[in-house]
Amino acid sequence: MRPLLDVLDLSRRFPVGKQTLHAVDRVSFSIAPGEAVGLVGESGCGKSTLVRMLTRVLDPSDGSIRFEEREIGYVPAARFTGTSDRALVQMVFQDPTDSLNPRFTAFDLIADPLRRLKGPWTRATLTARVEELARMVGLPVELLGRFPHQLSGGQKARVGIARALGPEPKLLILDEPTAALDVSVQAVVLRLLDDLRRQLGVSYLFVSHDLNVVRLLCDRVLVMYLGRIVESGPADAVFDRPAHPYTRALLAAIPSLGEDKGERLRLTGEPRSPIDPSPTVCRFHGRCPMGEPRCAEAMPALRPVGDGHEAACHFAGD
Amino acid sequence: MTLLSVENLSLAFRTRAGTVRALEGVTLDLAKGETLGIVGESGSGKSVLSFAIMGISDPAARIAGGAVRFEGLDLLTAPARDLDALRGAEMAMIFQNPRVALNPIRPVGKQIEDVLLRHAGLTRAEARVKAVEMLARVRIPDPERRAKAYPFEMSGGMCQRVMIALALACAPKLLIADEPTTGLDVTTQAAIMDLVGDLARESRMAVILITHDLGLAAERCDRIAVMHAGHVVEVAPTADLFTAPRHPYTRRLIATTPRPGVALADLEPIPGSLPDLRGDLPPCRYAARCERVDAACGAGPLPRLAVRPNHLVACARPL
């Protein structure tokens, strides 16, 4: 199947005084139509910068972003909003309280992207479409006249999902969509997202540091560390047989119920600086429990360790 | 030996929209060196309880009854001067958002010195040395230099370490940690919790860990109290709580938490939402959401059953 999104050698650098911060460094991956891909990594690893490039609100320094085989990386971010592609990549933001305009009703919040990206509408067709979307995400239609502060966390999350789905995107980027929700509501929203993906055939890029949640929702997982993808593969393979020591540390750090993990793999030290990193040193060196001299001499490249499973470590697969 | 005991504590907020009965009949105790987890949905009263223990409740809060005793001293009736001497020295708190809780225009080293000067009776020079020592103890690299840094110059994880150094500067007997790792990465979370655990063990400090993350509570606590709508509905040793929960809400809470080996379809959402805490409430505030509810639930006051010596359940029809 042809990929929906194909990212090749994508980089973004920011100047810091006379130096350069490599926020995203030659990242390549693809997402198939209808596929759910998880993107995990700690804060500062470049997840947000990557997402901002994919949603085309930030211009890449290098590399290509191909969407349905068309290059969209070269369209300046300021002009992308005016193209018909804007509707195809939509985003659900992390905190529904901060990302919803407090002076818009739920109706207007859902209608706004429709008015801007779809149409023309009449009052009747717009109302019909907004109500259809509300029903789709399980938001009672009576609540459409309410303002965000009159809605519960779960209801606000539903508004955020409905307004992203309104313009009929083919790729939905979800940035920690359940991080602000209580577990009691989280399960409902996760199920809703899973149902919608099957029903609408839309692809998900699911950004999260809650690996238990990623595991539930995603077919494939990308693990990022300091601007690079260090491991990628089918969710089951990555979770059950992590090949990169960072992924192993990440999995060991998740607190979980009832499962005795024995001796925990503890990470020590701080991450290396992303400012002018040495191209010949593994980015995880210094924090890695298995660092050896060759880790400081050659940066490991992604290499296959299983079916569709890759890791960037000299010791992967050993 | 009991360090802290909360006895039948009730607290309400007077608001224009009515009286919010945020805590009702909360009874808990904590032994020296013990780590107690308090879990529950947002709005269940976890933070209100910890603020009440520290005596830093919102001015709109009214204590409707009960007592909070710390080494025998009733904190609710003690004079303000006694409390000031206690807070920061004997009992300390780590807040949810370290960037907001730290003074943004004072170097972090100075903020630790302030606590030491106020409570430990050190000279300025001694306090300076001790502040750097505290930063080193919470494993902040290059503590000499970092002591001069402002909170905005540090990452979230670093700021949280500074908060811990601040809270532990006078070696308190009780540490209340209110969602200390929310918003931090799992790797940072593990490091911070390891640190709190190590320091607690070294000095037999008691810890109250407030969290909505059941997994975190399961890993780090000796005992867990489950709160729902201002009630403590169940208190039990950690292993018992997860293997044999007796309150229907606890069972639901566990069943809805994502964990390895459980598919999305197996997660059971908890029906309904927290009740409005204004106005009349039934004796059991979970009754409207509960699948086991029957006539007995509304009949008398909420029972508190000791199903085992160490295992309390506030339910008329426990599992």
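Yes/no matrix, rows are residues, columns are (1) crowded, with 22+ Cβ neighbours inside 10 Å; (2) outside any loop (DSSP other than H, G, I, E, B); (3) touching a residue at least 60 places away in the same chain (Cβ under 8 Å); (4) among the small types (G, A, S):
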residue: A:R2; (1), (2), (3), (4): no, no, yes, no
residue: A:D6; (1), (2), (3), (4): no, yes, yes, no
residue: A:D9; (1), (2), (3), (4): no, yes, no, no
residue: A:T20; (1), (2), (3), (4): no, yes, yes, no
residue: A:V27; (1), (2), (3), (4): yes, yes, yes, no
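Restricting attention to region B:244-275, which residues are within 9 Å of chain A (Cβ to nearest Cβ), of a type in the set (V, I, T) and either more than 17 Å from B:V233 (Cα to Cα) or within 22 Å of the chain's Cα centre (by Cα) (or both)?
B:I254, B:T256, B:T257, B:V262
Of the residues B:A200, B:A191, B:A167, which is over 13 Å from the mean Cα position of the chain (by Cα) and within 11 Å of another protein chain (Cβ to nearest Cβ)?
It is B:A191.
Hand me the list of helices (runs of 4 or more DSSP H) wholly inside region A:44-103 holding 2 or more residues that are on the phi < 0 side of the Ramachandran plot and charged (D, E, K, R).
A:47-54
Taking the conditions exactly as written (at pLDDT 90 or above and out of contact with any helix residue (DSSP H, G or I) (no Cβ under 6 Å at 6 or more places or on another chain)), does B:I208 satisfy them or not?
yes
Which ones in region B:151-175 are more than 18 Å from B:E133 (Cβ to Cβ) and touching a Pro at 6+ places or on another chain (Cβ under 6 Å)?
Those that are more than 18 Å from B:E133 (Cβ to Cβ) and touching a Pro at 6+ places or on another chain (Cβ under 6 Å): B:P151, B:C159, B:Q160.
Considering only region A:172-179, I want to know if a residue exists there that is buried (at least 23 other Cβ atoms within 10 Å of the Cβ), more than 10 Å from chain B (Cβ to nearest Cβ) and under 25 Å from B:T181 (Cα atoms).
First pass over region A:172-179, keeping only residues buried (at least 23 other Cβ atoms within 10 Å of the Cβ): A:172-174, A:177-178.
Those left that are additionally more than 10 Å from chain B (Cβ to nearest Cβ): A:172-174, A:177.
Those left that are additionally under 25 Å from B:T181 (Cα atoms): A:174, A:177.
Among the residues of region A:172-179, at least one is buried (at least 23 other Cβ atoms within 10 Å of the Cβ), more than 10 Å from chain B (Cβ to nearest Cβ) and under 25 Å from B:T181 (Cα atoms), which makes the answer yes.
Restricting to region A:152-168, name every residue that is part of a loop (DSSP other than H, G, I, E, B), surrounded by fewer than 21 Cβ atoms within 10 Å (Cβ to Cβ) and modelled with pLDDT of 90 or more.
Taking region A:152-168 and keeping what is part of a loop (DSSP other than H, G, I, E, B), we get A:152, A:166-168.
Restricting the remaining residues to those that are surrounded by fewer than 21 Cβ atoms within 10 Å (Cβ to Cβ) gives A:152, A:167-168.
Those that are part of a loop (DSSP other than H, G, I, E, B), surrounded by fewer than 21 Cβ atoms within 10 Å (Cβ to Cβ) and modelled with pLDDT of 90 or more: A:P167, A:E168.
Search region A:180-204 for residues being away from chain B (no Cβ under 11 Å) and among the hydroxyl-bearing types (S, T, Y), and hand back the single one that is nearest to the chain's Cα centre (by Cα).
A:Y204
Suppose the filter is within 11 Å of chain B (Cβ to nearest Cβ) and either in contact with a His (Cβ under 7 Å, 6 or more places away or on another chain) or surrounded by fewer than 18 Cβ atoms within 10 Å (Cβ to Cβ) (or both); does A:R303 pass it?
no
Looking at (1) buried (at least 22 other Cβ atoms within 10 Å of the Cβ); (2) in contact with a helix residue (DSSP H, G or I) (Cβ under 7 Å, 6 or more places away or on another chain), which one does B:E24 not meet, given that it meets all the others?
Condition not satisfied by B:E24: (2).
The values are calculated or read from the model by the stated rules, or taken from the named source; none is laboratory data. Quantities reported herein were computed from a predicted structural model and do not represent experimental measurements. Please note: Cβ atoms are built from the backbone with ideal geometry, for glycine as well, and neighbour counts cover all protein chains shown.
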